[in-house]
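Below you'll find the structure, written out as structure tokens, and then a few comments.
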Amino acid sequence: MSDRLAESTAPPPPGAPPAPRWRRSSRSTGMNNCVEAALLGGALLAVRDSKDVRRPPLRFSAAAWNTFVDGLGPDGAEPRIFT
């Protein structure tokens, strides 16, 4: 995944937690057909569709995400593990 930041729509209100740092899949095409992920506090991961960033992201615990990735099966590459 790259460290490219998604566009922000407005600054967060005072006292709000910082906006997530969204990372786009390195397998993304120039047509914006990909997912973006962001680490959240408390060992949570958020995942969203890069074509519709206004919709709420899906949120996963580290354990749930790792179980999902493990279930994808081997493809010759090491899976990305979030802790």
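Just so you know, all these numbers are worked out from the coordinates, no wet-lab data involved. Since this is a predicted model, take the numbers as computed values, not measurements. Counting neighbours? That spans all protein chains shown, and the Cβs are built from the backbone with ideal geometry, glycine included.
Averaging the sequence gap over all C-alpha pairs within less than 8 Å and six or more residues apart, then dividing by the number of residues, gives the range 23-71 a relative contact order of 26 percent.
For the range 23-71, a crude dipole built from +1 on the beta carbon of Lys and Arg and -1 on the beta carbon of Asp and Glu, taken about the Cα centre, is about 180 debye to the nearest 20.
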